Structure formats: C-alpha cells, structure tokens
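Student: Can you keep this structure in mind? I'll have questions shortly.
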Amino acid sequence: MSESHVSGFEDDEESSDNEEDEETLKKMSVKFKNEDLIFDSESNFRSWLKKHGKQKYLYFDEYQMDELRSYFKDLDDDGSEAIGVDELEDPLIALGLVESRQQVERILASQDDDAQIEFKEFL
C-alpha cells in the first residue's frame, strides 16, 4: 500500500482537528481584541509571572537591555526618545496587530496621557 494511501486517513483526522482549532480560536478572538493586548502596562502575562514566583523573568540583564534599547531606537524615527503614533502605525499594521491608525491612536491614548511611549514604558 502506498504511503499516501496509508496517511490519507490521518490527513482527514488532522484536517478535522485543524478546523476545530480554528473554530476555537475564532471564539477566543471574540473575547480579546489585539488592541486590548498591546502595550498592556500590567499585562496578564506579567501578573501571572509574579503570582507564580517567576519574577526573575520580569527583569532584563545588561545584554537584554541593550537589545531592547536598540529595538526602541529603531522605532524612534525622529530621535525624540519617545515612540508615537507615526512611528508605531506601520510596524503594528505590518505585524497584523492592528488594522488602522485609529486603533494605534486608541491604544496609545489608553496607555499614556501624552500618547508617547518612553523607553521605561516600552519595557
């Protein structure tokens, strides 16, 4: 019996599992919007780490800080030491995290009074 014939049954099962996974993800996406998850100042993940005694993962070593500083500077096109809507719009849309400039504006406004993210807030 050929390998494709033997695996045909498994492909049907795998396809069914994928469809179920997709349906589950669709249901979950109703509960969460991308803009609710971006720049969450005290994210659920950070809270979970604290609650489960994993604080060491909340802090960065010197190398990691240098890397994060480099990423921040790459985003800070105007060198203002703050990242605003103009600097975040294209990357967030390209990553599929938001769909429009208005979403970026809402995210920044909800997280910061001046709608600018300084390096400390970036962390």
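Student: So for Glu121, Glu62, fewest C-beta neighbours within 10 Å to most, what's the order?
Tutor: Ordered by Cβ neighbours within 10 Å, fewest first: Glu62, Glu121.
Student: Restricting to DSSP loop positions (anything but H, G, I, E, B) with no more than 15 other Cβ atoms inside 10 Å of their own Cβ, which GluC sites (Glu not before Pro) remain in segment 71-101? Each step should come with its number before you reach the end.
Tutor: Working: sites: Glu81, Glu87, Glu89, Glu99; in loops: Glu81, Glu99.
Hits after loop and neighbour filter: Glu81, Glu99.
Student: Report the gain in length on full extension from Asp61 to Glu121: 0.36 nm times residue separation, minus Cα-Cα distance, nm rounded to one decimal. Write out the running numbers ahead of the final one.
Tutor: Working: separation 60, 0.36 × 60 = 21.60 nm, distance 1.71 nm.
Length difference between fully extended and current span is 19.9 nm.
Student: How many nm is it between the label spots at Lys51 and Asp90, if each spot is 7 Å from the Cα in line with the beta carbon?
Tutor: Result: 3.9 nm between the two label points.
Student: Stretched out fully, how many nm does the piece from Asp113 to Tyr71 gain, at 0.36 nm a residue minus the Cα gap? Each step should come with its number before you reach the end.
Tutor: Details: separation 42, 0.36 × 42 = 15.12 nm, distance 2.28 nm.
Roughly 12.8 nm would be gained on extension.
Computed from the coordinates by the stated procedures, all read-outs in this text should not be read as laboratory data. Model, not experiment: these values are computed from the prediction. We place every Cβ from the backbone using ideal geometry, glycine too, and count neighbours over all the protein chains shown.
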